[in-house]
Amino acid sequence: MCLAVLRGAAPAPGGVEGQTPALDATFLPTPDEVVTAMLRMAHVGPGDVVYDLGSGDGRIPIAAVKEFGAARGVGVDLDPVRNAEARENARRAGVDNRVTFITESLYDTDLRPATVVTLYMGLTVNLKVRPNLRAQLKPGARVVSHVFDMGDWMPDETGTVNGRPVFLWTIR
């Protein structure tokens, strides 16, 4: 999971098809100790399908499958270069048969298969994607965000890892 906020699925103005789209923020990976804390806070286990919105190098879906035994991990990132890197990281970790990376806008992603969704995207994006989370996720699904909350949607649990806040919500 990374802090990489995406403007949309179309190429940047003046861009051409196949180019990396414009991003609202740069790639900033979640530290490994925060990844572990997020997945632990969400109680990720063998029955889970973990979606990471803004997945960057793929570290969260890879860790969910490799370290926590999740059934499947799905990374969503608009940057095809990051997705290629993430696919290679999953291959090297030996989990490429259970981790998928999708190149699309997180706002267009079908979240219905997810039991856990992770985010490190910024308050504006969290607020914009919140209706999709509430509409598409089944009761009991968990949402975990690194650093940024969901405005007036109060978390069920909060924690701090090396000074970095982590928030958990459960869909009801």
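Scanning region 93-127 for residues that are of a type in the set (S, T, N, Q) and part of a loop (DSSP other than H, G, I, E, B) returns Asn97, Ser105, Thr109, Thr115. Is it the case that Ala135 is farther than 20 Å from Pro29 by Cα, part of a helix (DSSP H, G or I) and over 15 Å from the mean Cα position of the chain (by Cα)? For Ala135, the condition - farther than 20 Å from Pro29 by Cα, part of a helix (DSSP H, G or I) and over 15 Å from the mean Cα position of the chain (by Cα) - is met. With the requirement that a residue be crowded, with 21+ Cβ neighbours inside 10 Å and basic (Lys, Arg), what does region 132-152 give you? Selection gives Arg142 alone.
Looking only at residues of region 42-63 that are closer than 19 Å to Val129 by Cβ and aliphatic (A, V, I, L, M), we find that the one that is surrounded by the fewest Cβ atoms within 10 Å (Cβ to Cβ) is Val49. Of all the criteria given as (1) crowded, with 16+ Cβ neighbours inside 10 Å; (2) of a type outside the set (S, T, N, Q); (3) under 19 Å from Pro31 (Cα atoms); (4) more than 14 Å from the chain's Cα centre (by Cα), the one not satisfied by Pro155 is (3). Looking at Ala64, Ala84, Ala90, just one residue is free of Cβ contacts under 8 Å to residues at least 12 places away in the same chain, of a type in the set (Gly, Ala, Ser) and part of a helix (DSSP H, G or I), and that residue is Ala84. Pairs linking a residue in region 150-166 that is farther than 18 Å from Met121 by Cα to a residue that is among the β-branched types (Val, Ile, Thr), with Cβ atoms under 8 Å and 6 or more positions apart or on different chains, are Asp156/Thr170; Asn162/Val34.
Checking each residue in region 139-149 for being touching a residue at least 40 places away in the same chain (Cβ under 8 Å) and not β-branched (Val, Ile, Thr) picks out Arg142, His146.
Condition check ((1) on the phi > 0 side of the Ramachandran plot; (2) at pLDDT 95 or above) across all residues:
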position	(1), (2)
Gly94	yes, yes
Thr103	no, yes
Leu106	no, no
Asp110	no, yes
Pro113	no, yes
Thr118	no, yes
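Can you pull out the residues in region 106-131 that are surrounded by fewer than 18 Cβ atoms within 10 Å (Cβ to Cβ) and not hydrophobic (A, V, I, L, M, F, W, C)?
Tyr107, Asp108, Asp110, Arg112, Pro113, Thr124, Lys128, Arg130, Pro131
A quick yes/no check of all residues on (1) touching a strand residue (DSSP E or B) at 6+ places or on another chain (Cβ under 6 Å); (2) within 21 Å of Val34 (Cα to Cα):
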position: Gly69; (1), (2): no, yes
position: Arg72; (1), (2): yes, yes
position: Asp77; (1), (2): no, yes
position: Thr103; (1), (2): no, no
position: Asp108; (1), (2): no, no
position: Val117; (1), (2): yes, yes
position: Ala141; (1), (2): no, yes
position: Asp152; (1), (2): no, no
position: Val166; (1), (2): yes, yes
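The values are calculated or read from the model by the stated rules, or taken from the named source; none is laboratory data. None of the values given here were measured: they were computed from a predicted structure. Because the Cβ atoms are built from the backbone with ideal geometry, glycine has one as well, and the counts that use them run over all protein chains shown.
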